[in-house]
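Undergrad: Handing you this structure, nothing more for now.
The values are calculated or read from the model by the stated rules, or taken from the named source; none is laboratory data. Because the structure is predicted, anything quoted here is derived from the model rather than measured. Every residue, glycine as well, gets a Cβ built from its backbone with ideal geometry; the counts of neighbours run over all protein chains shown. Heavy atoms of the whole protein, side chains included, go into the accessibility calculation; ligands, DNA and RNA do not. Shrake-Rupley method; radii C 1.70, N 1.55, O 1.52, S 1.80 Å.
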Amino acid sequence: MGKQTKLTLADTIYSNIREDITQHIIKPGEKINVKELAKRYGVSETPVKFALNRLMSENIIENFPRQGMKVHSVTSEEVDEIFDTRLMLDLYYMKQIILTVSFNDALKEDLRKNIDEHLQLVTDLSPDSPIEDYLRNYELDFKFHELYLKCSGNHKIVEIFHYINPFLYSNFIFRRQSKVKDISGVKEHEAILDAILAEDEVALKEALTIHITNAKTAIGLILKVDKII
């Protein structure tokens, strides 16, 4: 058995803050008060500060001079830029990714397991499902795209993906997207994998474009509704 990493108090607080942001208990653009968070979670300010530093490194929390820390608030323009960048990265490395997967059975298995688990999870999701299931949903989505880009062999590209994508998608669609849409998203992953395994660049380009466009549209619509409300 592998050695398990022991979670620190800061790790726990980090997870708590992420969950509260996901559920909009802490809202986009809301100012962060360290003392209030420490009181909320029943801890000293030190682990809260460590957790917030980690969240800042992931672009989830922003720190403004003389204004303090706030939850990152996404604009429709930023959403467009993020997903346009993601599509550019995905399409640019198609040849290398197809080649890598064709020679690596372990990668094929990892991609397939991700899709199988993800499809089962979203099929079982309900309004009463615990937040852990929703967070696992977003984690599996993230892992699929991370693994796809890892197949390019370019570590810098994976770092860029980590920076631009980590939490935005999950933050904005938490319990605001239909089950049909959740399932369709995983089916789109399946279409991407099928195209890779068939070594069909045309089909892969189409599958990637559809998936990224649908994700961008979903968040765009939610942002528009938020402005109206």
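Undergrad: Among the residues of the range 62-84, is any in contact with a strand residue (DSSP E or B) (Cβ under 8 Å, 6 or more places away or on another chain), among the hydrophobic types (A, V, I, L, M, F, W, C) and within 30 Å of Ile212 (Cβ to Cβ)?
TA: yes
Undergrad: So Tyr163 passes all but one of these: (1) surrounded by fewer than 16 Cβ atoms within 10 Å (Cβ to Cβ); (2) free of Cβ contacts under 8 Å to residues at least 40 places away in the same chain. Which condition number does it fail?
TA: Status for Tyr163: all satisfied but (2).
Undergrad: Now for a different question. Could you identify the single residue in Ser57, Ser73 that is in contact (Cβ under 8 Å) with a residue 40 or more places away in the chain, over 20 Å from Glu188 (Cα atoms) and under 23 Å from the mean Cα position of the chain (by Cα)?
TA: Details: Ser57 fails: in contact (Cβ under 8 Å) with a residue 40 or more places away in the chain.
Every option except Ser73 fails the conditions.
Okay, residues lined up against (1) of a type in the set (Asp, Glu); (2) open to solvent by 30 Å² or more (accessible area, probe 1.4 Å); (3) in contact with a helix residue (DSSP H, G or I) (Cβ under 9 Å, 6 or more places away or on another chain):
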| site | (1), (2), (3) |
| --- | --- |
| Pro65 | no, yes, no |
| His72 | no, no, yes |
| Arg112 | no, yes, yes |
| Ser126 | no, yes, yes |
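Undergrad: Considering only residues of the range 105-153 that are out of contact with any Asp or Glu (no Cβ under 8 Å at 6 or more places or on another chain) and part of a loop (DSSP other than H, G, I, E, B), which is nearest to Val180 (Cα to Cα)?
TA: Here the answer is Ser126.
Undergrad: Answer yes or no: is there a residue in the range 166-186 that is open to solvent by less than 30 Å² (accessible area, probe 1.4 Å), closer than 24 Å to Pro28 by Cβ, modelled with pLDDT of 90 or more and in a helix (DSSP H, G or I).
TA: yes
Undergrad: When the residues of the range 74-103 are narrowed to those that are surrounded by 13 or more Cβ atoms within 10 Å (Cβ to Cβ) and part of a loop (DSSP other than H, G, I, E, B), which ends up modelled with the lowest pLDDT?
TA: Val74
Undergrad: Can you tell me how many residues in the range 35-54 are surrounded by fewer than 17 Cβ atoms within 10 Å (Cβ to Cβ) and part of a loop (DSSP other than H, G, I, E, B)?
TA: Residues that pass the stated criteria total 2.
Undergrad: Related question: For Ser57, all conditions in the list (1) over 21 Å from Arg136 (Cβ atoms); (2) open to solvent by 60 Å² or more (accessible area, probe 1.4 Å); (3) modelled with pLDDT of 95 or more hold save one; what is the number of the exception?
TA: So the condition that Ser57 fails would be (3).
Undergrad: Counting only residues that are more than 17 Å from Met69 (Cβ to Cβ) and either open to solvent by less than 70 Å² (accessible area, probe 1.4 Å) or modelled with pLDDT of 90 or more (or both), which one in the range 1-22 is farthest from the chain's Cα centre (by Cα)?
TA: First, the residues of the range 1-22 that are more than 17 Å from Met69 (Cβ to Cβ): 1-9, 11-12, 15, 19, 22.
Keeping just the survivors that are either open to solvent by less than 70 Å² (accessible area, probe 1.4 Å) or modelled with pLDDT of 90 or more (or both) gives 2, 8-9, 11-12, 15, 19, 22.
Working: Gly2: 26, Thr8: 23, Leu9: 23, Asp11: 18, Thr12: 19, Ser15: 14, Glu19: 13, Thr22: 11 Å.
Restricting to residues being more than 17 Å from Met69 (Cβ to Cβ) and either open to solvent by less than 70 Å² (accessible area, probe 1.4 Å) or modelled with pLDDT of 90 or more (or both), the top hit is Gly2.
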